[in-house]
Amino acid sequence: MSLRTSLLPVVDTLRALTGPSVLDIRTAQLTIRTRTWSGGYIGEGTATDSDLVLPKQYKVTNLTSKEIASSGGRFEDGAIRFGPVTPDFGTGGYTPAMLKPTVTTDDTQIIYLLTGQVAGEYALAQLQTTKPFSYVLFLNRKRTTP
């Protein structure tokens, strides 16, 4: 086991201190919803949802107008940064595949639902996995969200 993987549980424990059971300073919670439609295409038939609910311990910040302008169109008005999220360490954390599920059929969609101050439906614009102790999700607000 490397030093990095040995430290990931410690990092995750420290991040959990901001959650509702200790400091209670994080107001948003992210649910990654995989929605599958019975009709073969999105919007046709009956929807079945499978949710991955991340704990209410991760930071949410609005992207600045400078970050949005310099993104080359990747980020839109109302975009947010979610994280840092702890990478998988066996007994906790998340893999890139969990945070960015792959869609291989026409009947499946991925919806990022936020509750709290910035509640609404979002779409993943970018998943940053380059740092050793954290992943960051950049989410664009969907137009269907008020």
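Quick look at the values:
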item: Residue-count net charge about V136 - beta-carbon cut-off 11 Å; Lys, Arg +1, Asp, Glu -1; result: +3
item: Value of relative contact order over region 3-141, rounded to a whole percent, pairs C-alpha under 8 Å and six or more apart; result: 28 percent
item: Summed residue charge, Cβ within 15 Å of L127's Cβ, Lys/Arg positive, Asp/Glu negative; result: +3
item: Pairwise label distance in nanometres, S38 with L17, each label 7 Å out on the Cα-Cβ vector; result: 4.9 nm
item: Pairwise label distance in nanometres, T46 with T5, each label 7 Å out on the Cα-Cβ vector; result: 4.3 nm
item: Neighbourhood charge, 14 Å Cβ-Cβ cut-off, centred on P9 and excluding it, Lys, Arg +1 and Asp, Glu -1; result: 0
item: Length gained when the stretch K142-S70 is fully extended (0.36 nm per residue, less Cα-Cα span); result: 23.9 nm
item: Within a Gaussian network of the chain (alpha carbon springs, distance under 10 Å), most fluctuating of E44, E76, E67; result: E44
item: Partners for K100 among lysines (Cα-Cα distance below 21 Å; same-chain residues under 8 apart left out); result: K56, K59, K131, K142
item: On Cα atoms only, tilt of 3-16 relative to the major axis of the chain in degrees; result: 70 degrees
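A short reminder: the numbers here are calculations on the coordinates, not readings from a lab. Since this is a predicted model, take the numbers as computed values, not measurements. Positions of Cβ are generated from backbone atoms using ideal geometry, with glycine treated the same way; all protein chains shown enter the neighbour counts.
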